[in-house]
Structures are given as C-alpha cells and as structure tokens.
1. Quick test of your reading of the structure: residue 96 fulfils all but one of (1) under 23 Å from residue 299 (Cα atoms); (2) touching a helix residue (DSSP H, G or I) at 6+ places or on another chain (Cβ under 8 Å). Name the failing condition by number.
2. For residue 178, are the conditions met, namely being aliphatic (A, V, I, L, M), closer than 16 Å to residue 202 by Cα and touching a residue at least 12 places away in the same chain (Cβ under 8 Å)?
3. Only one residue in 228, 216 is under 20 Å from the mean Cα position of the chain (by Cα) and not hydrophobic (A, V, I, L, M, F, W, C). Which one?
4. So for segment 244-254 (the condition being part of a strand (DSSP E or B) and aromatic (Phe, Trp, Tyr)), does at least one residue qualify?
5. Of all residues being crowded, with 16+ Cβ neighbours inside 10 Å and assigned to a helix (DSSP H, G or I) in segment 269-290, which is nearest to the chain's Cα centre (by Cα)? Just the residue, please.
6. Go through segment 181-205 and give me each residue that's in contact (Cβ under 8 Å) with a residue 12 or more places away in the chain, of a type in the set (A, V, I, L, M, F, W, C) and over 21 Å from residue 291 (Cβ atoms).
7. Which fully enclosed strands (runs of 3 or more DSSP E) of segment 1-117 have 1 or more residues being modelled with pLDDT under 95?
Amino acid sequence: MKITVIGAGNVGATSAMRLLEAGLGDVVLLDIAEGIAKGKAEDLMDAASLMGHGKNIIGTSDYSDTKDSDIVVITAGFARKPGMTREELLQKNTSVMRSVAKGFKEFNNDPIVIVVTNPLDIMTFLIFKESMIDSKRVLGMAGCLDSSRMNLMAERVLNKPLQDMDSLVLGTHGETMAPILSHSKINSVSFSEAIKPDEAAQIIEKTKLRGAEIVSYLGTGSAFYAPSAGVFRMVKAVVHDTQEILPCSCFLNGEYGFNDMYLGVPAQIGKDGVEDIIELPLNDDEKQLLERAADSTRKQIAALKI
C-alpha cells in the first residue's frame, strides 16, 4: 500500500507518522518546501527501529514520487489564525487545491483521496471537480473529528466516562455543523432521552467552538493531533476494508434531499472509498440543521464559480 500525504505541516507530518508507525503502508510526504518534507521524513525513519515497523517514508517536492499511490491525503493549505473563520480561508486555499489536484492527478489515475484542508467541505468539492476522480473515491475528514470532539465535551459537561460517549456530528466542518442528538448516545441511550436540554446546549456550543478554542491557545496554527487521528481512522478503514460507518464529507446525489455538494453524512468506508451513504431518520430540528449546513455550502460553492 502506497500512501501520499500532501502538506508537511503539523497535520500532514503527524498523519504521516500515525500511518507509518501503524504499518498501514509506505508513505510519501510531499510539500513545496522540499527540505521540510525530507527532514521530517528522515526524522521519522530514524525512529523506525525504535517503533518496530518495516515501512518506509520519503520526503519530496516532486509529484512524480507520488506515482501509483493507493491513497492521497491532502492537508496542504493555509492554517487558520486566531479570529479567522473557515470561510475566510476559502479564497486563500482555493488556488492551493487547484495546484494540488493538478500535481497528483498527473501521476495517479484513480486513488482514494481524503481531504483535510479547510474549509473542508468546499475544498473536498473543489478537489473532486478539479481531479475528475469518481466522487465515491474523494471524501473529506471532518465528521470523525467533530464527533470525537463532541464526545469529549459531553464527558466534561456530564462528568461521565469518555468511553460511554458515541456522538454524531454531520453537516459542515465549521460553524454550521449539525450535531445529531437523536443518534448520539451515552451507554447506548440517545442524548435526546438521556440528558437535559441545557446540558445538550452546552455540549453543542462547546463542540462548535472547540476548533477556534484550540487555535486561540496555540496562537499560530490550528489543531493537528486530533485531525491526524481522524485521518488515521479513515485510512485504516480503506486499507483494511473494514466497511466501518464513519461521519465523512461525501458527495451527495439526492441523499438527504441534497444534490451536487459535499456534506458530512454517515458513510460506509471500505477499499473503494464511500461504499454506501447511510440515510438516518432525522427529526425536524435536525433536518433544519442539515439544511442550514447545506445552504452555507451552496453559497461557498457559488463563490468558487466552478
């Protein structure tokens, strides 16, 4: 298995480390700053015997080194700064994504592509359009991260064990995310039934603000340990063909009543990418949240003028 990670910043390099050390495949770490990619790759190889894996990683700025990749993970782009919304990243990262799509497409016919760059749902849509790869093979990493964050916020608000939480966040990766309380569970009981409305409101608010909170602590850059864990979970599902159902940004063609856009939904993930999109029954409030997320996505797609 050959996995290319495009972008050797914190998210990309940490993702490469997780994939490499889990033995999921050989890794190519690519960045326009060749020295950074090569230095981090060589540093990771220095740890190979300590970590006990037999995989290889190279660092490069040459897209030809990515040839015949099975999976391409895209983390390249500008990071959020304090006070910056994901939407404000739109124009900055659009040109980056077009360059990335052109680069990897030249040497790779039909890889599975996982996009992490923000604003996530729009950048995933852009990569799909620019690369002309089957939409089921292009998906975005967002729902895994947001759902994990919601698990932690629930643990802190409710003072219950983290392992009891099983949250579900759909919609966009941003201010219009859609936490789905009827399908989020604590000890297999839905949040709708198990927790008070004021507790639910606290959990949702803290989850929505979590990314910005971490940006504010770091001062420069944004979260990378948790996003890289989301990448790992999705790549693992592809490599091992687990058919696991994960919340991911997927291309919708009528599912949930939406068309021609990427939006966070539950998806069955396997060796061919999105094997199936799971349409869950939603209550009226949840449908409105998802419609609000879709409206935001439509507006940003229009702004791209694709």
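The values are calculated or read from the model by the stated rules, or taken from the named source; none is laboratory data. Here the structure is a predicted model, which is why all the values come from computation and not from measurement. Cβ sites come from the backbone with ideal geometry, for glycine too, and all protein chains shown count toward neighbours.
1. (2)
2. Judged against the criteria, residue 178 is a match.
3. Unique residue meeting the criteria: 228.
4. Yes, some residue in segment 244-254 is part of a strand (DSSP E or B) and aromatic (Phe, Trp, Tyr).
5. Checking each candidate, the answer is 290.
6. 186, 195, 203
7. Of the strands (runs of 3 or more DSSP E) lying wholly inside segment 1-117, none has at least 1 residues that are modelled with pLDDT under 95.
Condition check ((1) in contact with a Leu (Cβ under 8 Å, 6 or more places away or on another chain); (2) modelled with pLDDT under 95; (3) more than 19 Å from residue 12 (Cα to Cα)) across all residues:
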site	(1), (2), (3)
220	no, yes, no
224	no, no, no
233	yes, no, no
237	yes, no, no
259	yes, no, yes
270	no, no, yes
274	yes, no, yes
